[in-house]
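Just so it is clear, none of the values below were taken in a lab; they were calculated from the coordinates. This is a predicted model, so every value here is computed, not measured. Quick reminder, even Gly has a Cβ in these numbers, built from the backbone with ideal geometry, and neighbours come from all protein chains shown.
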Ligand SMILES: [Mg+2]
Ligand SMILES: [Zn+2]
């Protein structure tokens, strides 16, 4: 089985902009490409896990979302970094209209995307990590037995430590990955 570092997208890899509904809003956070390159070099998988309720809400189409992921992949590739797989939840339980408005098992903090990725890619969740900027990311990781790191980019600084506690807090994705490669794996 493989180990993975699961990555939230907005506020973790690229700048949090609310709804990313225009390609010009896609901006990598400093150090994110280097962090993902380090994951690639380690032999662990780099897997994006992202809520994109903008689809259900009608803010952008699923096709546009694919375009964003293609652009993100190409910007990372230009810096020698690769995302092994993208998982997204296009749903919202109540907002918007159409087929994506429904209760689902994949909207974080539900752990559906982690379980799906583990099945698809033969990942050992117990030796894997999640990095994200909100407590939803941390709560999801907990439900799947994945260790969790909160980063202080995106909404990270506004997150109140409550019942859901991360295993580690890092300034950004690069610091989180360096921690995972060192202390976090001991
Ligand atoms: Mg986020
Ligand atoms: Zn969903």
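Worth pointing out:
- Placing pseudo-labels 7 Å out from each Cα toward the beta carbon at residue 181 and residue 63 gives an inter-label distance of 4.0 nm.
- Segments 146-156, 58-68, 174-184 sorted - mean Cβ within 10 Å per residue, highest first: 146-156, 174-184, 58-68
- Ellipsoid fit via the Cα gyration tensor, region 4-185: semi-axes of 23, 19, 16 Å, each the root of five times an eigenvalue, largest first.
- Counting neighbouring Cβ atoms within 10 Å and putting the fewest first, the residues 97, 2 line up as 97, 2.
- D_trans [Stokes-Einstein, Kirkwood Rh over alpha-carbon pairs] for region 127-186, 25 °C, 0.890 mPa s, µm² s⁻¹: 220
- Of all DSSP beta bridges in the chain, antiparallel share, percent nearest 5: 5
- Legend: ranking of residues 89, 104 from fewest to most surrounding C-beta atoms inside 10 Å; resulting order 104, 89.
- Share of Cα-Cα pairs in region 28-101 lying beyond 20 Å, as whole percent: 39
- Exposure proxy for 24, 53: other Cβ atoms within 10 Å of each Cβ, ordered fewest to most, give 24, 53.
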